[in-house]
Structure formats: structure tokens, C-alpha cells
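*Asks:* I have a structure I would like to understand better, so I am pasting it below and will then ask my questions one at a time.
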Amino acid sequence: MHPEDLSFRDRADAGRQLVPRLRPYAAQHPVVLALPRGGVPVAFEVAKGLRAPLDLIFVRKIGAPGQAEFGLGAVVDGAHPQVVLNEEAIDRIGVPSGYIEEEIQRQLKEIERRREHYLAGRRPVDVGGRVAIVVDDGIATGGTVRAALKGLSRAHPARLILAVPVAPADTVEQLRTEADEVVCLMTPEPFYAVGEHYDDFRQTSDREVTTLLDEAQRWNREGAP
């Protein structure tokens, strides 16, 4: 594949290109879950193409005491929020009693705040027994996506699918153990950054997120988009 082929016009174009690979799931009434904010324009096109409901999946890191960037686990949004913990890291640094539970509650409140901001408090779609398709605009290291998949798997979806336009080949292989299927359109080598594979990779605004979510909500009320 030539370098000039390794790009999408923008996130919407990437989402439209994912649809044919995911169309076999359309008849199974899937739910599409976007990682905000960049994953939303991609997921919107996927949901539209599959005539599926669109929701957000929030992942909040549980940081170590005094080292917020050192992840001890994550809280994953959903109808039944899940906590994914790195027990080895927790034991290694000796976390004070009660700290993890306090952090879980703090991150749950932040998830509620963000859900209110983007979705006017609409409750998460329950993925139990359904095909759940997690969508982002691309993956570099995969930490956030891995936590999302681990959390969602505990909600017992019928199938758990990860769909992204671009990611490193080794990251894709690692994530295959967390999902029933990983759909990735491009695995360029060498891989430098997700944004290098988009002609337009400007930051997705809050306003764009809420506009797309409102439109998706409208078509689900009224029928097919």
C-alpha cells in the first residue's frame, strides 16, 4: 500500500469506510459505543450505516496517590459501570486503605457529569445480550480501549467488537484477546501517530459531539436515518 493511500479525509470518511466491514452485524441490532470525543464522528457514521443506536462509553483512569498518570485501574461507564483494577500495581505501591473506593466514587461522579454534559443525562444503553461495537478514531497504545473492552465484557454482550480506522499492528494483535473481533482498516508500518493518517484531524468540539448525538437520538425515535 502506498503512503498516499494511508489516509482518510476526516473522521466521518473513516466511519463510512468502516461500515462495509461491520454490515454483517446490522441484522443483529447492535449498539455502537463511541469513545469521546474523537471517536464520536466515526461512530456516528457507523451507527447510521448500521441503523443502530449510538451511545458513549466513558473510561476514567484510577491514578495512584500523588501520581495521577500512573494507572491503578479504570472505571468504565455503562448501564452497570465496571471497575478494572491492576491488582499487581496496587499491591506493589501499597495503596492506603479506602483510597481505591474513594477514587472509584470520584470517577463515577465525573462520568455522570460528562454524561449529563453530552447526553443530557440519558442513561447508558444496556449491552447485555447485544452485539456491542466500540468505535474510536484510531489507537496508539490502546490503554483506554483495553479498559473499555474489559469493562464491557463484564456486562455480558452477545459479541464485543472493536472497530477503528487505524492502529499499529502489534496493538491490534494484543487487543484481539479482549474482543470477539477487531476490525481495523489500516495497520501502517512504521506507525507514528493516528493523526498522520487523516487529511483533517482537527479536534472534535463538544458542540459537534452533542449535535451528532442529538441527531442519532432523533433517528432512533423516528426510525431509519
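The values are calculated or read from the model by the stated rules, or taken from the named source; none is laboratory data. Because the structure is a prediction, the values reported are computed rather than measured. Cβ sites come from the backbone with ideal geometry, for glycine too, and all protein chains shown count toward neighbours.
*Asks:* So which residues in segment 95-115 are of a type in the set (A, V, I, L, M, F, W, C) and in a helix (DSSP H, G or I)?
*Replies:* Ile100, Ile104, Leu108, Ile111
*Asks:* If we keep just the residues of segment 126-173 that are of a type in the set (Lys, Arg) and out of contact with any helix residue (DSSP H, G or I) (no Cβ under 9 Å at 6 or more places or on another chain), which is surrounded by the most Cβ atoms within 10 Å (Cβ to Cβ)?
*Replies:* Lys150
*Asks:* Considering every residue within segment 6-24, establish whether at least one is closer than 22 Å to Ala155 by Cα and of a type outside the set (Val, Ile, Thr).
*Replies:* yes
*Asks:* A follow-up question, please. I need the full set of residues from segment 6-21 which are buried (at least 22 other Cβ atoms within 10 Å of the Cβ) and under 14 Å from Val183 (Cβ atoms), in order please.
*Replies:* Of everything in segment 6-21, those that are buried (at least 22 other Cβ atoms within 10 Å of the Cβ) and under 14 Å from Val183 (Cβ atoms) turn out to be Ala14, Gly15, Leu18.
*Asks:* Please enumerate the residues belonging to segment 64-84 that are surrounded by 11 or more Cβ atoms within 10 Å (Cβ to Cβ) and either in a loop (DSSP other than H, G, I, E, B) or in contact with a Lys or Arg (Cβ under 7 Å, 6 or more places away or on another chain) (or both).
*Replies:* Within segment 64-84, Pro65, Gly71, Ala74, Val75, Asp77, Gly78, Ala79, His80, Pro81, Gln82, Val84 qualify.
*Asks:* Is at least one residue of segment 85-94 touching a residue at least 24 places away in the same chain (Cβ under 8 Å), outside the structural domain of Tyr192 (by TED's automatic domain parsing) and in a helix (DSSP H, G or I)? Walk me through how you get there before you give the answer.
*Replies:* Restricting attention to segment 85-94, the residues satisfying the condition of being touching a residue at least 24 places away in the same chain (Cβ under 8 Å) are 89, 93.
Next, only the ones that are outside the structural domain of Tyr192 (by TED's automatic domain parsing) stay: 89, 93.
Cutting the leftovers down to in a helix (DSSP H, G or I) gives us 89, 93.
Checked segment 85-94: at least one residue is touching a residue at least 24 places away in the same chain (Cβ under 8 Å), outside the structural domain of Tyr192 (by TED's automatic domain parsing) and in a helix (DSSP H, G or I).
*Asks:* Being in contact (Cβ under 8 Å) with a residue 60 or more places away in the chain and in contact with a His (Cβ under 8 Å, 6 or more places away or on another chain) narrows it down to one residue among Ala155, Ala148; which is it?
*Replies:* Details: Ala148 fails: in contact with a His (Cβ under 8 Å, 6 or more places away or on another chain).
So the residue among Ala155, Ala148 that is in contact (Cβ under 8 Å) with a residue 60 or more places away in the chain and in contact with a His (Cβ under 8 Å, 6 or more places away or on another chain) is Ala155.
*Asks:* Within segment 14-26, is there a residue that is assigned to a helix (DSSP H, G or I), among the charged types (D, E, K, R) and either touching a residue at least 60 places away in the same chain (Cβ under 8 Å) or in contact with a Phe, Trp or Tyr (Cβ under 7 Å, 6 or more places away or on another chain) (or both)?
*Replies:* yes
*Asks:* A follow-up question, please. Can you find a residue in segment 116-138 that is within 15 Å of the chain's Cα centre (by Cα), of a type in the set (Lys, Arg) and in the same structural domain as Val32 (by TED's automatic domain parsing)?
*Replies:* no
*Asks:* Let me ask something additional. Taking the conditions exactly as written (more than 15 Å from the chain's Cα centre (by Cα) and either under 19 Å from Leu35 (Cβ atoms) or crowded, with 20+ Cβ neighbours inside 10 Å (or both)), does Glu110 satisfy them or not?
*Replies:* It is true that Glu110 is more than 15 Å from the chain's Cα centre (by Cα) and either under 19 Å from Leu35 (Cβ atoms) or crowded, with 20+ Cβ neighbours inside 10 Å (or both).
*Asks:* Let me ask something else about it. Kindly indicate the residue of segment 37-63 that is out of contact with any Lys or Arg (no Cβ under 7 Å at 6 or more places or on another chain) and among the β-branched types (Val, Ile, Thr) and also surrounded by the most Cβ atoms within 10 Å (Cβ to Cβ) among those meeting that condition.
*Replies:* Only one residue fits best here, namely Ile57.
*Asks:* A further question on this structure: Can you tell me which residues in segment 196-225 are assigned by TED's automatic domain parsing to the domain that holds Ala163, touching an Asp or Glu at 6+ places or on another chain (Cβ under 9 Å) and surrounded by fewer than 18 Cβ atoms within 10 Å (Cβ to Cβ)?
*Replies:* Across segment 196-225, the qualifying residues are Asp199, Asp200, Arg202.
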